[in-house]
Each structure stands twice: as C-alpha cells, then as structure tokens.
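The values are calculated or read from the model by the stated rules, or taken from the named source; none is laboratory data. Just so you know, these numbers come straight off a predicted model, no measurement behind them. Cβ placement follows ideal geometry from the backbone for every residue including glycine, while neighbour counts extend to all protein chains displayed. These accessible areas exclude ligands, DNA and RNA; they are computed on the full protein's heavy atoms, side chains included. Shrake-Rupley method; radii C 1.70, N 1.55, O 1.52, S 1.80 Å.
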Amino acid sequence: MLFLSGESGMGKTALVTHFLDELRAQGHASVLAGRCYERESVPFKGVDSLIDDLSRFLRRLPHAEAVALMPREVYALARVFPVLGRIDAVALAPKKDVADPQELRMRAFAALCGLLARIRDRRPLVLHIDDVHWLDRDAVTLLGYVLAQHEPPAFLLLLSHRSEGAASHALLSALKQQLHDNARLQEQELALRALDPAATQALAAHFLGARHRELAPQLARESSGSPFLLRELSHQALQSSGAVALTLHEAVLAHAHALTPAALRLLEVVAVAGRPLGKQLAIDVSGANHAQVDLLVAERLLRVSGGGQERNVECYHDKIRESLSRSLSTERLRAVHARLLAMLLEAKDVDAEHLALHAAGAGDRRAAALYAARAAAAASASMAFEQAASLYTQALELGEQSEETRRELQTKLGEALANAGRGADAARAYLDAAKGAEQEPALALKRRAAEQLLISGHIDDGKALLDEVLHAVGLGLPHSPRSAWMSLAWERARLYVRGLSFRERAGELPAAQRQMLDTLWTAARGLRGVDMLTGAALASRYVRLALDSGVPEHPAYALSSEAWLASASDGPAAGPRTDALLERAEAQALASGRPDALALVQLNRGIAAF
C-alpha cells in the first residue's frame, strides 16, 4: 500500500506512469490503472475507471483463461459495473436473483476480491488510482472492504493525491485511517517534493536547449522546483525569446492564448468537460479538426487515451483544466456547457450525470434536475448508494418539481440513504416526503422513518415518532415499565385463549387493517433490540392480529415472532415448543413465496438456539 503525495505539478502522475510502463514492458506483472476526476459524478468514482481497465484486461485474454478467473458472484459485480457485462466470460456466468440491494452490493464487493485474487495467482498485480483526493464515499467503502478481508489479495495498491489541502479531504483522511488501523497491510507514504536547485536548473537547460541555456538559473528559481511550472515557463521564454516571471496560472493562460482560435476553443471545450471526452465529440463541439488535436498533444496541453473507436482527449494536467475553466467569462462558460449538452444529447449511451453537469452549467436548472434524477436512479441500480443520495439531493435542489414528483424524489433519497446505512438522514428524507401527503402514504413514510431512527440508534426520537404513528392507527406505546408489563400480560392472555391457528384468506386487507399490521410489525422489530418489554408486548399483539388476518405472509412473520417470544421468555425449557413454531413458520414462509419471511425464520432459529 503506497500513498504518493505532492503538490500539483510535482510529477506524481509522470513518476507512477513511468514505473507502470516499465512493469508492462517487462511483462511480469498485471497492471490496472484508473483516475478520479473532480467534475465527475459516476458511481464509485475512481474505482470505476480502474474497472474499465480491468474490463480491457479481461477482453485481451483468451476466452478459456478469462472464464477460469471468474468468481462465483461475478454477476453481482457486473450489476455494479455494467462495463464488465460486455465480456463473454462474465455475460455467460451463472446468475442469481438477489432482490436486496445491500446484499447484492456485498456479493459484488466479494466478487471483486475473488477476481483480483485469481488474477494475482497468475502473476504479481499492481493497482493504481490517481487523484484519490476526489474519491467518493462509495469508492472508499469498496476499497475498505477489499483491504479489510481476513486474507486480502496480495497486490500493490498505489494511491496518489495532492498534498495541498489533503487534511481537508475528509474521505481521503477516513480511508487512510481505516487502512492505517489494518495490521495486515504494509502501508507506506511517499512525499514527492520539489526538485533540488541543481536538478531544477539541469531540467530547465534541457527544456530551453542550447540557444537559451543562460536563462536556466532564473527559470529554475522562479519555478520553485516544480517540473510542470518549469516547462510552462520555459515554453514562454522560448516564445518571447527572453525571461518571463509568471505564476503557474498565468503561464498556462499565456501558453493557451498563444494558440490559434480553433485550437483554443478545442482546449476550452475539453477543460470545461472536466473529464475524458470523445475525440470526435470534442472536435464537433469546438469546430476544430484533427490537426489541432495533434498540435495540442504536441504542445502537451492535451493527452489522448484509449484505442480504436474509443479514443478520448483530456487536459494534459489538472492545472491546465483549472486555469482555463477559471479564465472563462460566465457567458462563455455557459455557451460551452450548452454546446456540450446539445452534442451529447445527439450521442449514444451518454451518462445522465454528464448531461446534468452540462445542463446545470448552461443554466437550465429544470433539465439538470431531470438528468440528475435519472443519474441517481442509475447509481441506485449500481448500488452506489452515497452517489445516488447525492444526485437525488442535487435534483431536489435544482428543480421546481410538482409536489408528487418532489415527494417521489424525497422517498427515493430516503431509500438511498437507508441503503447507505445513514438511518438518521434517511428518516429526515422520509419525513420530508410525508409532508403534505395523504394519510395512508404519509403514515407509511413516517413508519419507515421511525424504523430507520430505531435501527440507527436514535432511540428516543424513533420511539416518539413510532408512538405518533401508533396513535394514528388507534394504538400507542406503553409509557412506563408497569404499563408495558400489563400490556404484555393482557396480550399473552388473549393469545393463549385464541390459540395459534389461522385460516388463509384471499384478497387484499382493508387499508386500516393493513396499516395497523404494518405499524405493529415495524414497532415489534424496531423495539425488540432496544426495549424488549415494550417490543414483546407489541409483538404479541401483532401475532394475534396477524393470525386473524389470514394474509399469507403475515402468519409466517407471526409464527416466527412467537418462536422468538417463546425462547426469550422460557429459555431452554421452551425448546420443543420453539422448534415446533419454527417448523410451522418455515412451512408458511415457503408457501408465501417471500424470501424475507424465510430469512426471518432462519434469523429467529439462530436467536432461539443462542
């Protein structure tokens, strides 16, 4: 594990690229490389480009060799990173229907661990992600999962980032701390500092050539040991046939503004795009031609990546992108965004988040909100829950939606936050969605909010909200241990008299009855880990009413809950009764066809055994 840091322009990317190119040339190691982009909002930012390189690596292998590398859960990995689905070995792999998004994400993470381990079994493996200060939370979660395995795949992971402002990048700091606490990792940090004066002067002399070698000492001093700034200053000195005294920003702009108008437009378009842009698309948007692309590449203002029909252009260095973007007027910036948006809409397979970025830049908030919502849905489908939450928030902030659309977006925001494990934030989103809603959907949203508060440890707030929801369906929480005991005794007595038989019924339950059952079920689940007495009282009432309902899934939940209550109250003496209840619950769960009902039976079987 190597963190490579240094100020922008010190040569981090050049150093790592040189090292990786040597490894590739030797042919003794598998090398996968990716990069983060500041203005990119793709799921698993940084890791996604690494997976793109992984897909290219797998496509180059013979089919049989690629098949041999496939882990069992590779179908889940392809759900998170659809680019892998284009590989025959992945597309033909067995698939499984996994409904729960968190479960599917964990299987995908595990599949990535397995795939990297199998690649590593063949030869040494090196992974590199550049500019990790732009990582998103989903990517940090994924990297943390891979590296936290009991036996993580043995590879070299290179993560390079800017040193300036590193302390303010909370996710980078969190990743470093997470990895620092992992005793199984060999972690090192390498700071790439400014060149020493002798090396700087030698490099200046190399850039300037024999005719202007006398300027080398001055440019060496003005560059402060930054190779990138030194090259830009040397370029300006050669253009002006004399010494220059410029900042890096000024040097980049002077270099750019010396270009032909068409070349400058092309460079501005790529800078505003903020991420790799299809070469032909950049030409079409700017009105330039291939000769101008070649010129900018020769001037080291652009770089070209990819091959065949997938050739992309991007700024040679982030400082070029930043300087050009900052220099554009508001009107010019909006015009470039609008042109990019128009051309992207004519292209195929364009990411919605890319459209949202340029719609917002062009000042079209309505369109930006629409595209952000689409991008959020795609991120949710890829199990990038934090990214989905960010995009849903962006859509809500940008748009002026109808109440119905706004409520739908807030509900989806709550789901994304819940899947990301941010229960309190999810509860707030659900409560926002409940405002102004009709009674039944409002109660359902408040119930989900209460559940998220309870399972995330916000017990008092969760119970208060749950009490409000219970009162809305004619119930309520016991407000003292004595009243909880009395409620439990009363419900157990009624259940004893009633018995545990039930008769299945076809058709839908009345809305009021369904609301009461759903609310009791939420209360029983949410409270049994934090207030067992109240949870048991509500669970007992739920069991009685669920058996009365006869709806297929509720008796399965009820019998499973009754098994938990029996084992919790009677201990080992309840063994035979608990086993019998679990057998009945399992049969009913199988008959209902609901995997969550069957999972609940298995969970309560484990709790009873414990």
Of the labelled options (i) 31.3; (ii) 35.0; (iii) 33.1, which one gives mean projected area of the Cα convex hull in nm² as computed for this structure?
(iii)
Over segment 505-570, relative contact order from alpha-carbon pairs under 8 Å, at least 6 apart, %:
29 percent
Which net charge results when you count Lys and Arg as +1 and Asp and Glu as -1 among the other residues whose beta-carbon is under 14 Å from that of residue 355?
+1
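Pop the C-beta distance of residue 300 and residue 68 into the FRET formula with R0 = 41 Å and round what comes out to the nearest 0.05. Mind showing how you got there, number by number?
Details: r = 42 Å, r/R0 = 1.02.
My answer for the efficiency is 0.45.
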Note on segment 254-364: alpha-carbon gyration tensor, axes a ≥ b ≥ c; rule is a/c under 1.5 for rounded, else prolate if a/b larger than b/c, else oblate; result oblate
Percent carbon-and-sulfur accessible area, the chain, ignoring ligands, DNA and RNA, probe 1.4 Å
53 percent
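Whole number in Å², please: accessible area per residue of segment 1-109, 1.4 Å probe, ligands, DNA and RNA not counted. Walk me through the numbers on the way to the answer.
Details: 5030 Å² over 109 residues.
For segment 1-109, the solvent-accessible area averages 46 Å² per residue.
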Starting from the 7 Å offset along Cα-to-Cβ, what nm value, one decimal, do you get for the label separation of residue 381 and residue 173?
3.7 nm
For segment 403-466, rounded, prolate or oblate, judged on the Cα gyration tensor with a ≥ b ≥ c (square roots of eigenvalues), a/c < 1.5 rounded, else prolate if a/b > b/c?
oblate
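Need the full-extension length gain, residue 338 to residue 123, defined as separation in residues times 0.36 nm minus the C-alpha distance. One decimal, nm.
On the way: separation 215, 0.36 × 215 = 77.40 nm, distance 4.73 nm.
Fully extending the segment from residue 338 to residue 123 adds 72.7 nm.
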Shape call for segment 8-114 from the C-alpha gyration tensor, a ≥ b ≥ c root eigenvalues: rounded (a/c under 1.5), prolate (a/b greater than b/c) or oblate?
oblate
Take peptides 34-46, 359-371, 92-104 and line them up by average Cβ neighbours within 10 Å, highest first, as a rough protection proxy.
34-46, 359-371, 92-104
Simple spin-label estimate for residue 29 and residue 311 in nanometres, 7 Å along Cα-Cβ:
3.0 nm
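Any idea of the accessible area per residue across segment 433-472, 1.4 Å probe, to the nearest Å²? If you can, show how the numbers build up before the last one.
Working: 1960 Å² over 40 residues.
So segment 433-472 comes to 49 Å² accessible per residue, rounded to a whole number.
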Distance between Cα centroids, segment 462-537 to segment 408-426: provide it in whole Å.
25 Å
Value of relative contact order over the chain, rounded to a whole percent, pairs C-alpha under 8 Å and six or more apart
9 percent
Those residues of segment 187-208 whose amide nitrogen sits under 13 Å from the label point placed on residue 14, 7 Å along Cα→Cβ
193-196, 199-208
How much FRET efficiency would the formula 1/(1 + (r/R0)^6) give for residue 260 and residue 38, where r is the Cβ-Cβ distance and R0 is 22 Å, rounded to 0.05?
0.20
Toward the positive end of the charge dipole of segment 433-550, about the Cα centre and with charges on Cβ (Lys, Arg +1; Asp, Glu -1), which of 489, 465, 506 goes farthest?
489
Residue 504 to residue 530: FRET efficiency via 1/(1 + (r/R0)^6), r the Cβ-Cβ distance, R0 51 Å, to the nearest 0.05?
0.95
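Which value in deg cm²/dmol, rounded to the nearest 500, describes the helix-derived mean residue ellipticity at 222 nm for the chain, given -39,500 (n - 2.57) per DSSP H run of n ≥ 4 and division by the residue count? Kindly include the intermediate steps, with their values, before the conclusion.
Working: 30 runs with 397 residues, N = 610.
Computed ellipticity for the chain at 222 nm equals -20500 deg cm²/dmol.
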Whole Å is fine, so just give me how far the alpha carbon centre of segment 196-257 lies from that of segment 53-104.
49 Å
So, in the chain, how many Lys pairs have Cα atoms under 28 Å apart, if the pair is 8 or more places apart or on different chains?
24
